[in-house]
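Undergrad: Dropping the structure in here first, questions after.
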Ligand SMILES: NC(=O)C1=CN([C@@H]2O[C@H](COP(=O)(O)OP(=O)(O)OC[C@H]3O[C@@H](n4cnc5c(N)ncnc54)[C@H](OP(=O)(O)O)[C@@H]3O)[C@@H](O)[C@H]2O)C=CC1
Ligand SMILES: O=CC(=O)O
């Protein structure tokens, strides 16, 4: 039997699946609280399931039996992939199963910011609704506007499909490499980063967090956007310079923002962005529906067991660690 530690509670059917192959320990908050307590309880684990815990050289050096860390998320910026490679530990993630759910949430933020849903909900609740909507209730249209997607990957494509088919929007995108087949299928236009910022009524950020995308949306980027444009971030908080975003929103450089992610999570209530009316904020819930979180947990579990059993081709191993397969 393998030994698996999970840093979070898993759905019962996922736990049942895992316990046919392994002894499973769900670590308590105290046990996973610090790297010291974590390595103590995970010391002889063959596999770890997590969804945001930082796994780096310091941790890996103290987990000699570890063969695989499996994250129940598609993003894996909490893993130091160089350290994993050095220690010969595989990392798996959960792409694809969450694409449609995250795309729905992205559209929820687009609609909520454009039509000021949260702000005007408060107006009604506070008894400030007096007669027919005054002009200060007005928002902006989503349909037939231009959507710019930075990071046209799996989720980006699901967002673009909604925009094209449901809202008849023009969609431009920017990646490091073009995707001619997606361009043709959905009728998208590839543009430079600068052109996307200048053209779009809605700018949606959907890249992974990497050294290249850290702080991508800075003062200069917001300056290039239209003053009527809305910025949506569903990627990772650190792809945006929050001070620059606050400045852009409070000085009218851009119209509004919808944010599912923050540099520090949970973001403190003192974050200046929370003081702005033209920002809709969510607690990192892109994939958070019952069905999708169940699918992600099950994929994280099957990925881990596949690696532990040596069925490497069946696991969703992160791209940076694919080379370990070739070496094994
Ligand atoms: N808020 C939430 O709850 C969720 C957030 N996410 C975030 O969304 C991210 C995207 O997920 P997913 O669509 O599955 O990932 P994919 O890898 O399928 O897509 C990411 C895209 O970003 C592009 N990209 C990468 N680096 C750059 C760069 N420097 N400049 C421009 N484009 C870049 C890639 O294209 P190319 O390589 O050609 O540049 C790729 O097409 C995740 O990594 C995660 O951080 C995901 C799920 C839920
Ligand atoms: O943020 C969530 C993810 O799956 O990545």
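No value in this document is a laboratory result; all are computed from the given coordinates. Fair warning: this is a prediction, and the values are worked out from it, not measured in the lab. Neighbour counts run over all protein chains shown; Cβ positions are idealised from the backbone, glycine included.
Undergrad: So between residue 181 and residue 220, what do we pick up on full extension, going 0.36 nm a residue minus the alpha carbon distance?
TA: On the way: separation 39, 0.36 × 39 = 14.04 nm, distance 3.14 nm.
The residue 181-residue 220 span can extend by a further 10.9 nm.
Undergrad: For region 99-281, compute Rh as the Kirkwood radius over C-alpha pairs and then the Stokes-Einstein diffusion coefficient at 10 °C and 1.306 mPa s; write the answer in µm²/s, rounded to an integer.
TA: On the way: Rh = 16.7 Å.
Using the Kirkwood radius from Cα pairs, D works out to 95 µm²/s.
Undergrad: Sticking with this one: Please compute the modelled spin-label separation between residue 115 and residue 33, points set 7 Å along Cα→Cβ, answer in nm with one decimal.
TA: Each label point is offset 7 Å from its Cα along the Cβ direction, giving 4.6 nm.
Undergrad: Please report the relative contact order for the chain, taking Cα pairs under 8 Å with a sequence separation of at least 6, and give it as a percent rounded to a whole number.
TA: Answer for the chain is 18 percent.
Undergrad: With springs connecting C-alpha atoms under 10 Å apart, model the chain as a Gaussian network and identify which of 252, 286, 237 has the largest mean-square fluctuation.
TA: The residue with the greatest mean-square fluctuation here is 252.
Undergrad: Oh, and also: Order these by the 10 Å Cβ neighbour count, fewest first: 213, 106. Intermediate values should be presented prior to the final figure.
TA: Working: 213 19, 106 28.
Ordered from fewest to most neighbouring Cβ atoms within 10 Å, 213, 106 come out as 213, 106.
Undergrad: Using 7 Å Cα-to-Cβ label points, what is the residue 58/residue 276 separation (nm, one decimal)?
TA: Taking the simple label geometry, residue 58 and residue 276 are separated by 3.3 nm.
Undergrad: Counting just the Cα atoms, what span does the chain cover along each of its three principal axes? Round to the nearest Å and put the largest first.
TA: Computed over the Cα atoms, the extents are 67, 47, 34 Å.
Undergrad: Something else: Let me see the pair-distance distribution of region 217-328: every alpha carbon pair, 5 Å bin width, integer percents in order.
TA: 2, 10, 17, 15, 12, 10, 10, 10, 8, 5, 2, 0
Undergrad: Quick check: the distance between the Cα centres of region 280-317 and region 228-251, to the nearest angstrom?
TA: First find each Cα centre; the distance between them is then 28 Å.
Undergrad: For the peptides 135-147, 7-19, 41-53, what is the packing order when you average, over each peptide's residues, the other Cβ atoms within 10 Å and list the highest mean first?
TA: Most protected by this proxy first, the peptides run 41-53, 7-19, 135-147.
Undergrad: Still on this model: In whole Å, what is the distance between the alpha-carbon centres of region 46-71 and region 129-168?
TA: Cα centroid to Cα centroid, the span is 40 Å.
Undergrad: Provide the convex hull volume over Cα atoms per residue for region 1-45, in Å³.
TA: 49
Undergrad: Among 200, 61, what is the fewest-to-most ranking by other Cβ atoms within 10 Å?
TA: With the fewest neighbours first, 200, 61 line up as 61, 200.
Undergrad: Next question. Once Rh is set to the Kirkwood radius over Cα pairs, what Stokes-Einstein translational diffusion coefficient, in µm²/s, holds for region 1-137 at a temperature of 10 °C and a viscosity of 1.306 mPa s?
TA: 88
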